[in-house]
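Notes to accompany the following structure.
Each value in this text was obtained by applying a stated rule to the coordinates, not by laboratory testing. Computed from a prediction, not measured in an experiment: that's the story for all the values here. Backbone-built Cβ (ideal geometry, glycine too); neighbour counts: all protein chains shown.
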Amino acid sequence: MSTYRGFSTAQSLKKYSLTDFDLARRDLINYFNIRKGEKLMQPGFGTIIWDMLFEPLSDDVRQTITADITRIVSYDPRLTVNQVSVTQQTQGLQIELTLTYVPTDQTAKLALNFDNQAQRLTTN
């Protein structure tokens with residue numbers, strides 16, 4: 001079994017190195033920060049969630065968002081998504097994911113808060 005190593009300066013004081021599940025989680029959060037079509041030379045990269053924040057949360061919109069999340073998680077062979085919950089908040093959407101880190105079969109929840117006024121993503 002290999003250990004994945006990387007680094008991140010987001011939300012850390014002195015420890016910049018990340019490994020395994022923490023690294024995969026950070027990579028996934030970084031992906032969700034990019035609006036689809038925003039990345040140069042890769043118009044299919046990114047998420048549609050930022051464009052859906054002002055839409056009424058109908059079943060069709062919820063299914064579209066869930067499909068987009070499943071598509072994004074499937075790009076990373078280290079992760080699988082077990083469950084997706086999309087909830088409308090006063091200032092955007094909250095998405096709760098149950099993820100499994102494949103190499104160790106570790107499962108964890110990740111809450112993503114897409115704020116439509118601040119145009120930023122926060123995690124819990």
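Which net charge results for the neighbourhood of Arg120, defined as the other residues with beta-carbon distances under 15 angstrom from its beta-carbon, given Lys and Arg at +1 and Asp and Glu at -1?
Its environment carries a net charge of -1.
What nm distance separates the two modelled labels at Ser17 and Ser58, each placed 7 Å from Cα along Cα→Cβ?
5.1 nm
With only Lys, Arg, Asp and Glu charged, each at its Cβ (+1 for the first two, -1 for the last two), find how big the charge dipole of the range 5-123 is about the Cα centre; round to the nearest 20 debye.
500 debye
What value, in deg cm²/dmol to 500, does the helix sum -39500 (n - 2.57) over DSSP H runs of n ≥ 4 give at 222 nm once divided by the residues of the chain?
Value at 222 nm, helices only, nearest 500: -8000 deg cm²/dmol.
Want the number for Asp51 to Asp105: 0.36 nm per residue separation, take away the alpha-carbon distance, what's left? Let's see the in-between values first.
Details: separation 54, 0.36 × 54 = 19.44 nm, distance 3.29 nm.
Additional length available on full extension: 16.2 nm.
Counting just the Cα atoms, what span does the range 53-124 cover along each of its three principal axes? Round to the nearest Å and put the largest first.
37, 25, 16
Identify which of Leu110, Leu93, Leu40 has the largest mean-square fluctuation in a Gaussian network model of the chain, with springs joining Cα atoms closer than 10 Å.
Checking each option, the largest mean-square fluctuation is seen for Leu40.
Scale the Cα Rg of the chain by the rule-of-thumb value 2.2 N^0.38 Å and send over the ratio, two decimals. Before the final figure, lay out the partial values.
On the way: Rg = 14.7 Å, N = 124, 2.2 N^0.38 = 13.7 Å.
Ratio of Cα Rg to 2.2 N^0.38 Å: 1.07.
Please turn the phi angles of the range 105-117 into ³J(HN,Hα) values with the Karplus equation 6.51 cos²θ - 1.76 cosθ + 1.60 (θ = phi - 60°), one per residue in order, whole Hz, x for glycine and proline.
6, 7, 10, 8, 9, 9, 10, 10, 10, 8, 8, 7, 7
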